[in-house]
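Have a look at the structure below before the remarks.
What follows draws every value from the coordinates through simple rules; no lab data is involved. As the structure is a computational prediction, the values presented were derived from the model and not from experiment. Cβ sites come from the backbone with ideal geometry, for glycine too, and all protein chains shown count toward neighbours.
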Amino acid sequence: MLRMATVFLLVLAAAGSATAQENGEPDPATVRMRIGPLYLNPRLELANLGVDSNVFNQPADQNPKRDFTFTITPTTDIWMRLGPSWLKASVREDIVWFQKYTSERSANETFSLNWHLPLNRFVLDVSPTYLSTRERPGFEIDTRSQRTEYGGKAAAEVRGLSKTFVGVFGGYKKVNFAGDAVFLGTNLRDELNRTETAAGISVRHQLTPLTTLTFNVAQEQDRFEFSSLRDSNSTSAGVTVSFDPHALIRGSASFGYRDFHPRSTGLPDYVGATAIGDLSYTLLGATRFSVRFKRDISYSYDINQPYYLETGVSGEIAQQIFGPFDLVGRAGTSTLAYRDRAGVFIADVNRVDYIHSYGGGIGYHLGRDIRIGFNIDQQHRISDALGHQYDGLRYGTSVTYAF
């Protein structure tokens, strides 16, 4: 039914067109269709139409399995005016298909809403989300296991000065793995089902019409449903710089400090820097640079090394070479630095895993809305843990179509 709803929205979007004009409305560059009060931006992508040389991320001595695969992703963004406010809904589905290994097929669904209410001196934002997926949750777990995540964020701000807002915010997230989700003999439901809550205060200042600086302080709690040993409390503080989509630099970057305290005395604390960012810059309209980075803790499936510090950076350069052709190169690296539980035997003390990836592709643009590409990507994980090393190669075609 959810897949039918996604397709239905895409079909409806083909019925009309419009642009948005008022300040605060959807960007005219992204809105392609209009049906009555609804503004829509539907897209359809065919990705990874080709070969995956290591479907299960197996070490070389375990005879890695290869298969033909592809992913179809219909996506729709919808905006609607509600009095002085705007409501935005995003619907995305990844239909993942493997030819031989049918156990890896899936339909992954993502839904999000955002209600933005700007008044004279008051701004309210409410953003619920829902995810149902079998995609891998990160670099560590190689099993494609069913899980759902739902929750949301809310924030309220009051204008203190002409360009400065003071606010409060809160967040909630519930993570549920399926009962049959197992990785290396460990039941992921028993180890990783949890509830995450956060609350804090913020100060947001409009540096320029296109640049915003936000300072925030928050308290966070993670509570595990079946593994209370992992329960933790955190205090974090940070600063975020955000750039408007029309700015020379686009995206946002956050840098902060986290004081992470597991409630169990057998687990070590983490007190140190955190960061997350996604930035891009286009030079002379022909060369686009993008960079993503992350430094924060993540929970592990292994009860004896229950969390790790993930530090990673990746980048991409896209260059228009001539006419409708472009060339893309990308690379990334991440480290997973595990924290050991006291009083138990650990085979790989102070273990650090390394993940390296690189790849590239060439694309051909058919007008403004269609891009056909050929991509090849290699990923390599180095680990002292038995069975965690692997090499994987993916190559194939992709097609992106914006209605």
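In the elastic network of the chain, a GNM with C-alpha springs shorter than 10 Å, the most mobile of Gly373, Gly343, Gly200 is Gly343.
Maximal additional length on extending the Ser280-Arg263 stretch stands at 2.2 nm, based on 0.36 nm per residue less the C-alpha distance. Only Lys, Arg, Asp and Glu carry charge here, each on its Cβ (+1 for the first two, -1 for the last two); on that basis the stretch 235-311 has a dipole of about 220 debye about its Cα centre. Using a simple spin-label model with pseudo-atoms 7 Å out from Cα toward Cβ, His380 and Ser227 lie 3.0 nm apart. For the stretch 106-255, relative contact order (Cα pairs under 8 Å, six or more residues apart, normalised by length) works out to 14 percent. Considering only Leu38, Gly171, Thr110, the residue lying farthest towards the positive end of the dipole of the chain is Leu38, judged by Cα position with unit charges set on Cβ. The slack in the chain from Thr208 to Tyr101, taken as 0.36 nm per residue of separation less the alpha-carbon distance, amounts to 33.3 nm.
Each of Phe345 and Thr30 was given a label point 7 Å from its Cα along the Cα-to-Cβ line. The distance between the two points is 5.4 nm. Given the options Ile317, Ile249, Ile346, which has the most mean-square fluctuation in a GNM of the chain, springs set between C-alpha atoms less than 10 angstrom apart? Highest fluctuation of the listed residues: Ile346. Each Lys and Arg adds +1 at its Cβ and each Asp and Glu adds -1 at its Cβ; summed about the Cα centre, the chain shows a dipole of about 860 debye. Looking at this model, which pairs from Lys100/Lys153; Lys65/Lys153; Lys163/Lys294 are more than 32 angstrom apart at the alpha-carbon? Pairs exceeding 32 Å: Lys100/Lys153; Lys65/Lys153. What label, among (1) 21.9; (2) 23.4; (3) 20.8, belongs to mean projected area of the Cα convex hull in nm² computed from the structure on display? Among (1) 21.9; (2) 23.4; (3) 20.8, the one calculated here is (3).
Report, in whole Å, the centroid distance computed from the Cα atoms of the stretch 285-336 and the stretch 356-403. That distance is 12 Å. Between Ala60 and Asp244, full extension at 0.36 nm per residue minus the direct alpha carbon distance yields a gain of 61.7 nm.
Think of the stretch 44-402 as having a plus end and a minus end, set by charges on the Cβ of Lys, Arg, Asp and Glu; of Thr75, Ser383, Thr148, Thr75 sits farthest toward the positive end of this dipole.
Between Ile370 and Leu393, the modelled label-to-label distance comes to 3.1 nm, taking each label 7 Å out from Cα in the direction of the beta carbon.
Under the criterion of Cα pairs below 8 Å and six or more residues apart, the relative contact order for the stretch 44-402 equals 11 percent.
Largest mean-square fluctuation among Gly238, Gly256, Gly285, in a Gaussian network model of the chain whose springs join Cα atoms under 10 Å apart, belongs to Gly285.
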